[in-house]
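Right, one structure below, let's go through it.
All of the numbers you see were taken from the coordinates with simple rules; none came from a lab. Since the structure is predicted, the reported quantities are computational estimates derived from the model, not experimental observations. Quick reminder, even Gly has a Cβ in these numbers, built from the backbone with ideal geometry, and neighbours come from all protein chains shown.
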Amino acid sequence: MKSNFLKIFMLVALATFSSCGEKAKEANTTESKDAAVAKSDAIHYAVNTDESTIEWKGFKPTGSHNGIINLSVGKLSVNGGSVENGKFVIDMGTIEVHDIPAEEESNAKLTGHLKSEDFFHVDAHPNAIFEVTGMETTEGKSMLSGNLTLKKSTKNVSFPVAIDFNDNNLTLTSETFTIDRSNWNVKHKSKSFFDDLGDKFINDDIELKITLSASKI
């Protein structure tokens, strides 16, 4: 009886752990591609940086951290409801941590660490850039592709998005997706670069969710 109870308990615990541990699907990542060119009849939009954010979430064996990063500038060109061209500058100096209260010392400590050479080395690389290379429908989803340049490394990533139009404005929202930081040489406590970390590693996967608000130029 006791043995059966333990087996049931372990199965329930395993199922709960598995469901809680699931992460978003990784963006398809390839080598960089040529930037897309907008047609002459495309409609051009400027990103409203005050209303646009990139949410992030990072993981380690003992938990996770999350926050946002802001854009400094961005433009995109749309034709027939599809993004033809675009370029967005991500201000890496605006990284914020939201899971730790802002007044706590550990918030500033983690924020500073993310900006340091261990991670994104913001002093040397203040901006990341995403430049659109195309958009297509795959399995019923609109997939936006673009070259992401981070710490001088450039890879092409593709992820699902939805676009809503309202008069002279649009909102582009991505599904939550992950990127593998090791593709951009973000090495700190990464198992992709170090094999002696034990349980002191930090996951390579970073979850992202992009929300862009833009107005017709």
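Values as computed for the structure displayed
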read-out: For segment 28-136, size of Cβ-based charge dipole, Lys and Arg +1, Asp and Glu -1, in debye; value: 240
read-out: Estimated dipole of segment 75-183 in Debye, rounded to 20 [Cβ of Lys and Arg +1, of Asp and Glu -1, Cα centre]; value: 480
read-out: Length-normalised contact order of segment 125-172 in % [C-alpha pairs under 8 Å, at least 6 apart]; value: 28
read-out: Partner lysines for LYS39 [C-alpha distance under 21 Å; skip if fewer than 8 residues away on the same chain]; value: LYS75, LYS87, LYS216
read-out: Residue among VAL186, THR133, ILE163 farthest towards the positive dipole end of segment 131-217, charges placed on Cβ; value: VAL186
read-out: Computed E for ASN70/SER116 - FRET, C-beta separation, R0 25 angstrom, nearest 0.05; value: 0.85
read-out: Residue with peak Gaussian network fluctuation, the chain [Cα springs, cutoff 10 Å], from ASN156, ASN166, ASN147; value: ASN166
read-out: Of LYS151/LYS191; LYS115/LYS141; LYS109/LYS151, pairs whose Cα-Cα distance is over 31 Å; value: LYS115/LYS141
read-out: The chain, relative contact order in percent, only Cα pairs under 8 angstrom and at least six apart counted; value: 25
read-out: Residue list for segment 83-101, given a label point 7 angstrom along the Cα-to-Cβ vector of ALA35 and an amide N cut-off under 19 Å; value: 83-92
read-out: Approximate spin-label separation ASP167-ALA24, in nm, with each point projected 7 Å along Cα-to-Cβ; value: 3.0
read-out: Spin-label pair SER215/GLU55, simplified geometry with 7 Å Cα→Cβ offset, distance in nm; value: 2.5
read-out: Mean ellipticity per residue at 222 nm, deg cm²/dmol - from DSSP H runs of n ≥ 4 across the chain, formula -39500 (n - 2.57); value: -4500 deg cm²/dmol
read-out: Whole-angstrom gap from segment 29-51 to segment 110-152, using each part's C-alpha centre; value: 14
